[in-house]
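Okay, so here's the structure we're looking at.
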Amino acid sequence: STNTYGDTIKVDKIWYTFPVGENGTAWIGPKIENYYMHATTPSLYSPTLKQFTLGGNAAAYGASTNSGLGYAYKFDNGLAISSNVVSKQNKSSTASGATGFLTKESATSWATQIGYTQPNYAVSAIVNLKYNGWTDEYFSTTNGLARPDSSDSTNIGLRAWLRPEESGTAMPSVSLGYDTSDVQQGNDTVDQTSMYFVGLGWNDIFKADDKIGIALGQPQKREDETTDPFAWEAYYSFKANDNTEYRATVFGGQDRNGTANDDITGAVFQTTFKF
């Protein structure tokens, strides 16, 4: 796996986390994403492709790294609530460069999540309000969101997961996700989108610490699209030792980027070392 940085070594994330009382946690940092600051884990599925992270990497949970802060409180009964904000003040596309935290010149994402977690299941809901032309790269359409700089969006995500009492059985863990989004310009809604996700996971099936994963779903798409894009992946991973994991994945998609018959199929083999 790779990115566009080539051989450049960069600081990808940096933030400071500290407790606030017995049940509260706060975050603040110059390079952080919203999803590092949520109180409830939205999905148990461990993906290979980024589009299947967080119960579906769409507008409700998807974000970009920049300056942010957040707070989460976990009650003793499993209920939790969090709220956080990320503002794109660094390296803005404007000619003047940096634009300032939470100013009208900086695209901003404000995400508030409430969830309930027990040992074998969890449910959560999130509202992510995006302002000042915050754009997402999660849309199936090749045109993305033709958002003017003044546009805002309201993104709602529902998540749930269930896991069996014991691993190593035929019963998988199940993670579900659904998003809906409205994009507004002034008082008018200019785009509506949706996304769904299903992820299944089995642990300890053939040997200790191995994993089988299957995910499928609809990438985020505009409601006026004439095609229904679809994506899937399936993998098997196991640990060769305490430090090394191997994962083999096959994946595919139909009508990608909102284009009929634009289909893909691929495979990847990953070796992960942890020291």
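The values are calculated or read from the model by the stated rules, or taken from the named source; none is laboratory data. Only a predicted model underlies this, so the values are computations on that prediction, with no experimental measurement involved. Methodologically, a virtual Cβ is constructed for each residue, glycine included, from the backbone with ideal geometry; neighbour enumeration extends over all protein chains shown. Ligands, DNA and RNA are excluded from the accessible area calculation, which covers all protein heavy atoms including side chains. Shrake-Rupley method; radii C 1.70, N 1.55, O 1.52, S 1.80 Å.
What to note about this one:
- Backbone geometry of the stretch 99-114 corresponds, through the Karplus equation with coefficients 6.51, -1.76 and 1.60 at θ = phi - 60°, to 3J(HN,Hα) couplings of 10, x, 5, 6, 8, 5, 7, 10, 5, 9, 10, 10, 10, 10, 10, 10 Hz, x marking Gly and Pro.
- Accessible surface computed residue by residue for the chain, with neighbouring protein chains in place and a 1.4 Å probe, gives 54 Å² per residue.
- Sequence of Val127, Val174 when ordered by accessible area, the most exposed leading, probe 1.4 angstrom: Val127, Val174
- The share of accessible area on the chain that comes from carbon and sulfur is 55 percent, using a 1.4 angstrom probe.
- Long-range HN-HN contacts of Ala107 with modeled amide H, under 5 Å: Lys88
- Length-normalised contact order for the chain - Cα pairs under 8 Å, 6+ apart - percent: 13 percent
- Candidate residues Met37, Met171: accessible-area rank, largest first, probe 1.4 Å: Met171, Met37
- Exposed loop sites are taken as trypsin sites (Lys or Arg not before Pro) in a DSSP loop (any state but H, G, I, E or B) with at most 15 other beta carbon atoms within 10 Å; the longest stretch of the chain without one runs 105-206.
- The GluC sites (Glu not before Pro) of the stretch 170-241 that meet both conditions, a loop assignment by DSSP and at most 13 other Cβ atoms within 10 Å of the site Cβ, are Glu223.
- The stretch 223-240 versus the stretch 6-21: alpha-carbon centroid distance in Å: 29 Å
- Accessible surface of Asp262 - all protein chains present, 1.4 Å probe, nearest 10 Å²: 50 Å²
- Of Lys10/Lys130; Lys211/Lys274; Lys10/Lys211, pairs whose Cα-Cα distance is over 24 Å: Lys10/Lys130; Lys10/Lys211
- Computed lengthening from Val268 to Asp228, 0.36 nm per intervening residue step minus Cα-Cα distance: 11.9 nm
- Directionally averaged projected area (convex hull, Cα atoms, the chain), nm²: 16.5 nm²
- Under 5 Å, built H, 5+ apart or other chain: amide partners of Gly56: none
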